[in-house]
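Peer 1: Got a structure for you, questions after.
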Amino acid sequence: MTGTFRRVLVVELLGGFGDVLLVLPAVHALARSHPDAEVTVLTFTPGDVLLAHDPLVARVVATSDHTEGVPRQAVEAELDAAEREGRPYDLIVTTTTYDGIADLCAARARRAVTNLWRHPPADERIDRRFLRLLVADGLVDPTFVDEPLAVTLTAPELTAARARLNFSPSDHLRGGEMARTSPVVLVSGSGMRVKEWPAERWVEFAARAAAQGHPVLTAGAAGSAPVPGTSLLPPGGLRELAANLAVVGEAGGVVVGGDTGPVRLATAVGTRAVALFGPTVAGRYGLDPRLGTSLQGLPGCPVRRPLAITEQECWWSARCPFTDGDPACLADLDVDRVAAAVLGPPENTEVSPPVHPGAPGHPHQRS
């Protein structure tokens with residue numbers, strides 16, 4: 001690796017907290033590769049809270065204002081403050097290029113990486129791509145090229161979540177099979193209609209899971225309506241959600257939903273998840289296969305643009321050119337296929353406890 005860095009800034013201002021999770025393995029790999037450096041992350045709320053208590057992140061700077069021009073001002077303000085303190089950033093890595101942010105970062109640091117989106121293949125996961133490019137740039141030790149996604153939770157947060165959910169500690173998962181009483185959490189919303197599985201499929205799937213004996217819950221905001229036949233996962237902020245999902249994993253449960261932040265967050269806290277991909281490509285946005293299964297609907301869709309998803313004719317309107325209604329890609333994922341991935345065989349055997357994040361042998365263990 002080249003250079004000795006005292007202060008590292010990672011700028012992630014693309015939008016949702018799912019974007020923070022995509023870059024988080026790179027943040028951790030940078031911190032591990034430069035253990036004497038102070039790593040700061042500048043991002044949007046509410047995703048900033050997921051970095052609280054992270055032993056590899058020294059500071060988090062957050063902005064809640066997405067108004068045009070304001071994110072760039074937030075970057076400028078942070079760089080100005082660092083220089084006034086006589087502690088400018090040695091290295092800046094940014095996933096964000098709009099509004100001249102990339103040029104600003106390049107001009108204000110001894111070393112900057114502003115092209116993490118360069119020459120992407122259609123079948124390489126984005127989080128892995130970030131890591132490989134940083135290794136190629138000499139900024140991440142190759143040892144950390146497969147750094148897993150991990151969100152750190154505190155013992156009190158987990159204790160509170162166990163009290164909220166009160167799942168039986170004897171419910172476990174092994175080899176993709178679930179105990180009949182293990183919980184299933186549905187993430188039926190995604191924030192974008194184009195990425196949502198048809199509502200009637202959720203109802204059918206929930207009924208099937210319940211018939212097999214699984215407690216079925218819907219993850220949603222306070223006051224939102226759960227999928228019929230399910231109860232609402234206790235609402236709260238992102239850290240409460242993360243802790244709830246971790247406890248679901250402790251009970252051998254599974255989280256299932258579209259290409260959306262809460263599903264990715266489940267894997268970040270050690271819980272198995274199944275993600276349903278339609279307009280986005282599982283090969284780029286898919287889950288870590290160590291804890292996630294990514295199902296692709298309508299793989300041969302002729303209007304899907306893997307490297308330019310926002311330019312797809314269906315993206316903003318959610319109008320499918322093949323159905324004039326629900327996206328054909330997600331409708332292609334039938335309940336049988338999703339149930340097989342989530343619930344496994346109808347008859348399940350007794351299984352062993354999952355290894356929780358931080359425990360020896362877990363893919364997300366920190367060393």
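Peer 1: What is the one condition in (1) assigned to a helix (DSSP H, G or I); (2) under 24 Å from V281 (Cβ atoms); (3) over 20 Å from the mean Cα position of the chain (by Cα) that H119 does not satisfy?
Peer 2: Failing condition for H119: (1).
Peer 1: Looking at the stretch 223-278 only, could you name the residues that are hydroxyl-bearing (S, T, Y) and over 22 Å from R193 (Cβ atoms)?
Peer 2: Within the stretch 223-278, S231, T267, T271 qualify.
Peer 1: Mind checking which residues of the stretch 275-290 are within 12 Å of the chain's Cα centre (by Cα) and either part of a helix (DSSP H, G or I) or not charged (D, E, K, R) (or both)? Write out each step before concluding.
Peer 2: Step one: of the stretch 275-290, the residues within 12 Å of the chain's Cα centre (by Cα) are 275, 285-288.
A275, Y285, G286, L287, listed by residue number.
Peer 1: Among (1) surrounded by fewer than 22 Cβ atoms within 10 Å (Cβ to Cβ); (2) more than 26 Å from P262 (Cα to Cα), where does V8 come up short?
Peer 2: Of (1) surrounded by fewer than 22 Cβ atoms within 10 Å (Cβ to Cβ); (2) more than 26 Å from P262 (Cα to Cα), only one is false for V8: (1).
Peer 1: May I pose another question? Count, please, the residues in the stretch 117-167 that happen to be within 13 Å of P25 (Cα to Cα) and hydrophobic (A, V, I, L, M, F, W, C).
Peer 2: Selection size over the stretch 117-167: 12.
Peer 1: Restricting to the stretch 45-65, name every residue that is farther than 21 Å from L153 by Cβ and assigned to a strand (DSSP E or B). Step through it out loud before you land on a result.
Peer 2: If we filter the stretch 45-65 for residues that are farther than 21 Å from L153 by Cβ, which is where we start, we get 61, 63-65.
Matches in the stretch 45-65: V61, T63.
Peer 1: Please pick out the residue among H53, H34, H28 that is in contact (Cβ under 8 Å) with a residue 24 or more places away in the chain and within 25 Å of A221 (Cα to Cα).
Peer 2: Values: H34 fails: within 25 Å of A221 (Cα to Cα); H28 fails: within 25 Å of A221 (Cα to Cα).
Of H53, H34, H28, the one residue that is in contact (Cβ under 8 Å) with a residue 24 or more places away in the chain and within 25 Å of A221 (Cα to Cα) is H53.
Peer 1: If you don't mind, another one. Restricting attention to the stretch 66-77, and to residues there that are outside any helix (DSSP H, G or I) and not charged (D, E, K, R), which single residue is farthest from the chain's Cα centre (by Cα)?
Peer 2: Here is the first cut: in the stretch 66-77, the residues outside any helix (DSSP H, G or I) are 66-69.
Now drop any that are not not charged (D, E, K, R), which leaves 66-67, 69.
Values: H66: 20, T67: 24, G69: 26 Å.
Here the answer is G69.
Peer 1: Also: Does the stretch 260-274 include one or more residues that are in contact with a strand residue (DSSP E or B) (Cβ under 6 Å, 6 or more places away or on another chain), open to solvent by 20 Å² or more (accessible area, probe 1.4 Å) and in a strand (DSSP E or B)?
Peer 2: The answer is yes, given that some residue of the stretch 260-274 is in contact with a strand residue (DSSP E or B) (Cβ under 6 Å, 6 or more places away or on another chain), open to solvent by 20 Å² or more (accessible area, probe 1.4 Å) and in a strand (DSSP E or B).
Peer 1: Moving on. Kindly indicate which of R180, R111 is surrounded by fewer than 19 Cβ atoms within 10 Å (Cβ to Cβ), among the charged types (D, E, K, R), closer than 19 Å to V23 by Cβ and in contact with a Gly (Cβ under 8 Å, 6 or more places away or on another chain).
Peer 2: Of R180, R111, the one residue that is surrounded by fewer than 19 Cβ atoms within 10 Å (Cβ to Cβ), among the charged types (D, E, K, R), closer than 19 Å to V23 by Cβ and in contact with a Gly (Cβ under 8 Å, 6 or more places away or on another chain) is R111.
The values are calculated or read from the model by the stated rules, or taken from the named source; none is laboratory data. Values in this document were obtained by computation on a predicted structure and should not be read as measured data. Note that we place each Cβ from the backbone using ideal geometry, even for glycine, and neighbour counts take in every protein chain shown. Protein only, heavy atoms only, side chains kept; ligands, DNA and RNA dropped before computing areas. Shrake-Rupley method; radii C 1.70, N 1.55, O 1.52, S 1.80 Å.
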